[in-house]
Structures are given as structure tokens and as C-alpha cells.
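> Below you'll find the structure I mean.
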4 protein chains.
Amino acid sequence: MCRWAAYLGAPIFLEDIVSRPAHSLIRQSQGATRCQTPVNADGFGIAWYGERPEPGLYRDVMPAWSDPNLRSLVGQVRSGLFMAHVRASTGTATSRNNCHPFAVGRWSFLHNGQFGGYDGFRRHADVLISDEFYPHRKGATDSEALFLIALGEGLDHDPRAAMERAIGKLGALARQMGEAPHVRAACALSDGRNLYALRHASDDLAPSLYYRWSETRRGWAVVSEPLETDEADWREVPPGSFCTFAGDRVQIQDFCPDRLSAAA
Amino acid sequence: MCRWAAYLGAPIFLEDIVSRPAHSLIRQSQGATRCQTPVNADGFGIAWYGERPEPGLYRDVMPAWSDPNLRSLVGQVRSGLFMAHVRASTGTATSRNNCHPFAVGRWSFLHNGQFGGYDGFRRHADVLISDEFYPHRKGATDSEALFLIALGEGLDHDPRAAMERAIGKLGALARQMGEAPHVRAACALSDGRNLYALRHASDDLAPSLYYRWSETRRGWAVVSEPLETDEADWREVPPGSFCTFAGDRVQIQDFCPDRLSAAA
Amino acid sequence: MCRWAAYLGAPIFLEDIVSRPAHSLIRQSQGATRCQTPVNADGFGIAWYGERPEPGLYRDVMPAWSDPNLRSLVGQVRSGLFMAHVRASTGTATSRNNCHPFAVGRWSFLHNGQFGGYDGFRRHADVLISDEFYPHRKGATDSEALFLIALGEGLDHDPRAAMERAIGKLGALARQMGEAPHVRAACALSDGRNLYALRHASDDLAPSLYYRWSETRRGWAVVSEPLETDEADWREVPPGSFCTFAGDRVQIQDFCPDRLSAAA
Amino acid sequence: MCRWAAYLGAPIFLEDIVSRPAHSLIRQSQGATRCQTPVNADGFGIAWYGERPEPGLYRDVMPAWSDPNLRSLVGQVRSGLFMAHVRASTGTATSRNNCHPFAVGRWSFLHNGQFGGYDGFRRHADVLISDEFYPHRKGATDSEALFLIALGEGLDHDPRAAMERAIGKLGALARQMGEAPHVRAACALSDGRNLYALRHASDDLAPSLYYRWSETRRGWAVVSEPLETDEADWREVPPGSFCTFAGDRVQIQDFCPDRLSAAA
């Protein structure tokens, strides 16, 4: 299971989310606080927006806590919109190209979860990626495929609908050719302006998703797990939800990938 | 352009090919001898056969000359069948999964060359990989795709025919959707028993391929460029050839990927 | 805390110690079995003896479990004398040069433990390394310094006395300029013929050290923690001991670094 | 021989020096333009100043041109004071800790050149580093030693004098215990406010050093080689010079490391 955190608000140093809080992403990656917490030592990544429409991207395969470049970067770079991810691979070899976030054009994307039995239908998943975005297929993960399929489904025009269609199509493959649980997903994505997040599963075990408004920072934190254990005001996003964070507002809509197949 | 070398014969230390000759693969990677020689600093790899049917595989993204692990390995490991590759990428990011050789089961494979305009038809190339071998698709190169397609075309039963069909299919895509030159290839492959090599191009510029029998070593060296400049007895393989090295014998057959399409 | 394992006996595949046992070194590195077991994700290394007097050395900074090169290597290489190490750094940046084992000439060396307050007297520790071995100082760890000092103290002639003098000198620095606990050490070392191991501490908490003769393998395993939990016949080495494994025999002598300073 | 570039002026994207000019640092690292230009493929590094007194530091061992993280970073980060370096090691193993620039506190430092026969007197060089700065000794290069010695000689109070004393002391060791050429150095250093550069050699072959004021950018570029071949107004710094760039002014003083020993 992976961990992630995203932020939208007044610019802060990346380290204010990534490495400084008591339960920061790097602390979480070390699994220090709780025994049942697995270690996320199989790579990490950061996407951040600065002065350009495209995000900066920094990813590597070593454990986040042992990379001095990362420590330096998050202490120097200030951003009003960014996301970070620590990875626990499931036995497969680690590669930078399999590390989250992924970025194409002005979009960035990360995903915690899985499509059941993905290795068995990976070829069929790849075919769902459009020619336009196929050159961006660098690795072999279901997460990267999901992102590229969603781009082809119109992420630019309607992020919620594009994500519904993409998850719907991959979920259908998992039901036909894969195994249960078919879909589990907590995703964050951004076009450089808004921050989007979704929580969904085909069973009762959707990966956790929380958010919190900080009045001090004038910003939103959206996370797989709360960053400070003594902050009582983290809100859990219910399964089947799509969140749009824009400025100081949040809109939560239902998220139903099976809408189309049900209708069909 | 990449460089490679392969060996079949009485067991020798890998360094006898990889790092010790005056024009060894590592020296070639540094481009020291000739001005027009480009540098191959974008990764390297070795596949070698030992006591097991599957080859050992060692690949990394740094320049071959600066990896102490590689230096140690080639000084310790002795093998009667191995191949090595140094890579010059064309601007794209380096990843271990894009480094040659590739290995699946008992097969190992490396390739110097290209399919013209590959990035534009990569999705269509991936579809040619059979479900059985798709889980082995780890990177994004045309070379890995070629190998996996050939496995599905029956590499186990008839290596020459399988390579003809695989190169024929990718070459057809290059003609339809890519650009000239459509096909250039010098490949080495092995099933752990024989060593195979081929040279082919759709134009007049097939990547070079040489071989030489060493009476001292009782073995074959097959290379993209001669390893010792003072050895006069390197033989050049003509374009459109498929070589089978088995024990102390070599058989050279014609190699004609367009056989089928021409017939059809 | 680090974990390590060493072997002397009839040649076996490295994986028989490194990755295959239920409680193999790689499993231990993941800390899977017991909650209180920390994760060793900050690099690993292997030194093995083959046909040459000098050992092969393979080290990298990523977690041992996620390196496909390591997996391939330990499945191919067979050796009658080798040692392996997984590292948990204490917050400092990881570097291959800080990974164990260390090797100079025909000697290999690894260490689990510490000299208290080492960073405060590192310059004084480095001065203890002789000019002859100083060029081998590549990293910044106390373990590498200990090894190089011991080489200068005559590891070739009397390994036990050389290790006593080296640990004695570094321990004296820790008492003068460092902090408690002054010395904790469980080491393995080899000259390519015998395997040596020692256990020592300046307080009551010497790092654990076990050994076991396998009749099946006709070999000795020497480890920081037992490899199979259902094998009852692991013997614990008492603190203050120096073990010499030679062929099928083991000799255990007392180890007393303060011998000289006490005498002086 | 290494290459480097530094900048002081109105904030620009790092890529404006590192990767975009026709003869940018990355192009230089590939040795593309001139046959006699060696390849700098053994690591790179960047130090830049942002909102904090300490510089950011990003270093890695792969060739600069193949690191997507670097490409992303230099396209996102804007700074008014930074330096970058591409490294050609001389056969030794590459390690991040041996890559330039080095940074301690608010100081950053890089060096092109050598102290003759350094490996033979490295231990004596390390002793010249004061206890205060010894914990920052991470690698094994003469360049890092030079920087740490200079810090102990008072870089904070008088950069020119501190560098003279540090180079003077290392040069004296080279004359006593090393080999000719004893000293060759072109260095850049900064405290986060001013940019300093020096050029010096014990023979006639001091590494080259140029600077140029850009009216467009309102900034100074200081480089080992001109970045644009069509810019005629690069000025060469004479050997035996120490340059202080402060705001839009430059002061060039003589640099004489042997001042003290000559006086003594």
C-alpha cells in the first residue's frame, strides 16, 4: 500500500508536507508510528507547479528518507500546488518510470490502489490507451495506464467523467479477465489550477482519503492518511466520491465508474 | 549507436571480452580510439549462462566504465556463453528496463539498430506481443518488443523463422506508419545452448557484425566491432544473414523478413 | 541495526543464504516476521570468493529486495566462502561506498555495531589508518575505518590480535572523545581461506552472533540472527569471543581489545 | 577535465545556463562540438540559492543528459545565484559524495583541477581539515578536502586569504609527497551573496576561466568555457587571479597561495 499527500493553497515549502510534520509522508514511509504500518521503501515522487503550466517532476527508486537530493529540494522549493507519493512495490523490480506521480503536459496524477489481476490483462489495458498518449507510456503499472486512458477520455474537458470512464473500462477488464477485488482507487490529479481527488472501490475496502482546510496556511491538504495525529479536523471522503478543490472551496460529487456500463 | 559482443566456447572470464582487450566493449563505450566514435554512456548489460538453464542478468543505467560492481562481476564470473551490451540512448531517459540484454526463460536477446518512427506506432507494436509474453514487457524500447514478438512467433522451435516473422511484422508497421530507414538490425540471441546472430536492414546500411574463431580459447566471438585491431581474421557477416554458432561450427543462412509478405 | 550472514563450506548458491531460507537475509531486511524488527532498506552488499584470491564485491544503495541484479546474481553464483549484509542507516545519506562488506586485496570485512559518538572523533579515527591503506578509504563509516586500521595492525599475520588492537584504539577514542556505549561489534572477516567472526561490546549489549554446522551442506553458517526458526541447533557466540572457522573445524578464543591498554 | 558554470544576477531559470545555450553545460558534457573535447559522463551537480541562506544541492552519478529529474528541476527553478558542474572522473568509481558542488552551511564550492599525486598523500590532506568541519567529509576527493580546509582557514571572514592558505597547504603537500603538476585549480564559491572565482596553477597550464556580463539578463556568467560561441565578449581571467562578483561589479585581485610560504 502506498501513501500520498497533495496540497492546494498559499505557497508553502514542500517540506511542510513531505518531511516536517510529525506524521509526514517520509515518516509514514518509514512505518515508524504503528506496527501494522508497512514500509514504503520502493521509490517516491513529487510533482509541483511553479511558474510554468507544466509541473516539475522528481522521482527516484530509493527510499525517500535516504535521498539527500529530495531533502534539499523540498527545503528549497515553495509551491501552491503539489503532490507527493511514497511507494511500496509488491515484489516487482523498482524503476523510476513506475514511480508516481506521472505527468503529461500540464496534468499530474497519482494513484493508490489496484486493478485485480492486472498482469493477466495488461496487454488489453494498454490497447485502451489512445495513440496520442501512447508515447507517454514509459513503465508497466496499472496506475500509469489509468492516467493515460483518462487523458484520452477527456481529462481536459471533464475530469470526473474522464476518470469514471477510465476506471470503468479498466474495472470491466478486471471483471472479465482479472480477479477480485476488481477496483480499488484513491487518486489525486491536477491540471495546474485545481486539485482533484477521488475514492472508489468495487468492494467495501476503498483506500482511505482525507482532507483538511488549514486556516493558518490558507490551503487544502488532501492525503491518504492524516499528517498530524493531534489534528481533530481531518474529514474522511466517503467511497464513491470525486472532490474538486478550487481556491478555498471544495465540491464533492458522487463518482460512479459503472454509470455507463449500467446504462448500456 | 550501441555496441555489443557475445561469446560461445570454452568458459572464460567475462572480463576477457568486456574489459580487458585493447578494444574491449568498455573501451569502445568510452569512444577513446577514434574521433568519430560516439560515447555509449547510457547503460549497459550482461547476460551469461552458468549452471542453470536461465541466464544471469546484470544491467544498470550508469556508464559501464564507472560501475565497480560490473568490474568485480566480470573479473569473477566465468562462462562459456554470454553477451554484453553498451547503450547510447537517443535523448530519452535511461531506465534499467530499457537496457539490453533482455531475458525471458532460458532466452537472452540484444539488438543494435532501430525501426524507423517507432514512437509513432509503438501501441501497434505492443499489440503484436502475445498475451503469454506481455507480462515480460517492462520498458518501452522497440528492441524489447522485437524480442517478445519473436518469442510468440516460435523462437523455441525455429529461431531464424521467428526472427524473420517478428522483424517482418515490425518492419511492415514502420513502412505503414513510421519513417525511413524502416529496419536496421544486428541482433544476438541465445537459448543457453547455441548462439545466434543476424544482420539485416531495409536499406544499404545494416549495422556491422563480425565474428572470429579463437583457436587459443576454443571459442567464437561475435561482435558489433572487432575487439582487437591487430587481429586480421575477423570475418564480416553480410547483410541479410542469420548465423548459428553451435560448438565449434557456424552455419550462415540467408535472412529474409519480407519472405512472407512477398509471398502473400 | 544491520543484519548479516556468512558461509564457509562446500560451494552453494548465494541465494541459499541470501534469499531462499524462511528467515533469509532478504526476508530479515524486510522486517516481515516480527513487529519489533526494523527494516534494513539502506543498501546491501555481498563479498564472495571464487577462482581468484580477491573476493567479488557487489553493493548497492537500494533495498536488497527490490534489486533484480542481486536476485539474478545470487541465483547464478556458487561459492564456498561468502558474506552478505543488509544495512539500516541511521538517517545519514546512503552511498555505495558506505555499504558493507568492504574489501581490500584478498580480505573482506563486515561489521554490525558502532563506536559511540564516532562523528565527533572521526578525524582522529582516520589518522589511525596507515598511509598504506588510506587510499582504500572511500566512505565515511566507522566500519570501514575499523577494517583499514586492522589491516595496518597486521590482519594478515594475526587476525585476532589485529582486530583487538584496532577495536582497542577506536574504543579508546570513543571513551576519550565520544559517548557511551563506546563499543559494540559483531564482525565477520575473511582472507579467502578461513572465516573469522567476533563478538564484543564495552557494555552488556553486544550485537548477537550465531553459528551452525550443516551436515547436509558440509558447511558453516555464521549469522547475526538464525536463518531458519525451526532449526534448534544454532549456537550463540558469547560476548568477548573470536571465532576461527577453518574447513569443518571451529576454534573459539577470547577477544579482549583492552588487553593492551590494561597492560600499559 | 570537468566543466562548470556559475551565475549571479537577476533570477533566471537554471536551464538558461545548464541546458539551453548552444554550448550549454549539458551539451559540453556530451563533448558534441569538438573532437578533442572529452565526455563528462561521471556525474553532475547543481547548487542554487533561493529563499534560504543555505543553497539547494542536487547531485547524481549518471550523465547529466540522461537524468529526467535534472531536466525537470532546471526548467522549474529560478535563481539569482547558482553554480553547476559536470564531472569526468579519471577511472575511479563514481559516487554522489564525490560530485561537485559541495555545500556546508551557506557556502557552496566547486573545483576543476587537481593536486598532483593526491592519492599518495590523502591522509595528510585529511588531517588539515579541522575537527569542526570534518563531519562534512563524505567522499574522497581532493576538491572536497580543499573546500573543508578553506572553511577552517576562515572562508567566512576573508575568502581570498582562506583559499590562498588552503591551496598553499595542499600545494605544499603535493610538492613534498606528490608529483608534478602540483596545483591546478579553477574554482567557484559562494556564500549566498557574492560569487567568487579563482584561477591558479603551479605551472603554465591553469584550467581556463571566463566571465561575461549580460546586459539583457543583468547578470554575470562565470564559466570554464564560453557558453555561446558567437558571443565575442567573454573575458578570460588571467592565471593567479581571484574574482569577486558582487551585484553588477567585479573586482579582480591577484591570488598567490605561496605568499605565506614565500614569506616564511
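No value in this document is a laboratory result; all are computed from the given coordinates. Note that the structure is predicted; figures quoted are calculated from it, not measured. Note that we place each Cβ from the backbone using ideal geometry, even for glycine, and neighbour counts take in every protein chain shown.
> So what are the ³J(HN,Hα) numbers for segment B:197-210, from phi and the Karplus equation (6.51, -1.76, 1.60; θ = phi - 60°), rounded to whole Hz, Gly and Pro as x?
8, 9, 9, 7, 8, 7, 10, 8, 10, 5, x, 5, 7, 10
> Continuing with this model, one more query. Summing +1 for each Lys or Arg and -1 for each Asp or Glu, what net charge is found among the other residues whose Cβ lies under 12 Å from the Cβ of B:E228?
In short, -2.
> Could you work out [θ]222 nm for chain A from helices alone, using -39500 (n - 2.57) per DSSP H run of at least four and dividing by all its residues? Round to the nearest 500 deg cm²/dmol.
Counting only the DSSP helices, I get -6500 deg cm²/dmol.
> Under a Cβ-only charge scheme (Lys and Arg +1, Asp and Glu -1), can you give me the dipole magnitude of segment C:183-264 about the Cα centre, in debye to the nearest 20?
360
> So what is the relative contact order of chain B, in percent, for Cα pairs below 8 Å that sit 6 or more residues apart?
20
> Still on this structure: Using the C-alpha atoms of segment B:3-263, what convex hull volume per residue, in cubic angstrom, is computed?
On the way: hull volume 32.6 nm³, N = 261.
For segment B:3-263, the hull spanned by Cα atoms encloses 125 Å³ per residue.
> Which order results if D:S79, A:S108, D:S130, D:S190 are arranged by neighbouring Cβ count within 10 Å, fewest first?
Lowest to highest Cβ neighbour count: D:S130, D:S79, D:S190, A:S108.
> What order do you get for D:W4, A:W213, A:W107 when you list them from fewest to most C-beta neighbours inside 10 Å? Please list the in-between numbers first.
On the way: D:W4 29, A:W213 16, A:W107 21.
So the ranking, lowest neighbour count to highest, is A:W213, A:W107, D:W4.
> Which value, in debye to the nearest 20, gives the size of the charge dipole of the protein assembly as shown about its Cα centre, when Lys and Arg are +1 and Asp and Glu are -1 at the Cβ? Present the calculation step by step, with values, prior to reporting the outcome.
Working: 112 positive and 124 negative charges, 1 e Å.
Result for the protein assembly as shown is approximately 0 debye, rounded to the nearest 20.
> May I ask which of A:K169/B:K138; C:K138/C:K169; A:K138/C:K138; C:K169/D:K169; A:K138/B:K169; C:K169/D:K138 have a Cα-Cα span longer than 26 Å here?
Over 26 Å apart, Cα to Cα: A:K138/C:K138; C:K169/D:K169.
> Another question, then. Considering the options D:S202, D:V74, D:H85, tell which one lies farthest towards the positive end of the dipole of chain D, charges being +1 on Lys and Arg and -1 on Asp and Glu at the Cβ, about the Cα centre.
Checking the options against the dipole of chain D, the answer is D:V74.
> Another one. Using the Cα centre of segment C:131-256 as the reference point, and only Cβ charges (+1 on K/R, -1 on D/E), how large is the resulting charge dipole? Debye, rounded to the nearest 20. Working shown, then result.
On the way: 14 positive and 21 negative charges, 45 e Å.
That gives a dipole near 220 debye.
> In what order do B:D126, D:D230 fall by count of nearby beta-carbon atoms within 10 Å, going from fewest to most?
Ordered by Cβ neighbours within 10 Å, fewest first: D:D230, B:D126.
> How far is A:D119 from the same spot in each other copy, in nm, shortest first, if each label point sits 7 Å from Cα toward Cβ?
3.1, 4.1, 4.5
> Something else now. Could you pull the copy-to-copy label distances for A:P53, with points set 7 Å along Cα to Cβ, in nm to one decimal and sorted shortest first?
Computed spacing set for this position: 4.1, 5.5, 6.7 nm.
> Taking K and R as +1 and D and E as -1, what net charge do the other residues with C-beta under 10 Å from the C-beta of D:R96 add up to?
Result for the local shell: +1.
> Order A:9-15, C:155-161, B:80-86 from most to least packed using the mean count of other Cβ atoms within 10 Å.
Those peptides, ordered most packed to least, come out B:80-86, A:9-15, C:155-161.
> Now, a different point. What does the copy distance list look like for C:E215, label position 7 Å along Cα→Cβ, in nm and ordered from shortest?
Ordered by distance, the counterparts are at 5.5, 7.6, 9.3 nm.
> Using a cut-off of 13 Å between beta-carbons, work out the net charge of the residues near D:A64 (Lys and Arg +1, Asp and Glu -1, D:A64 not included).
0
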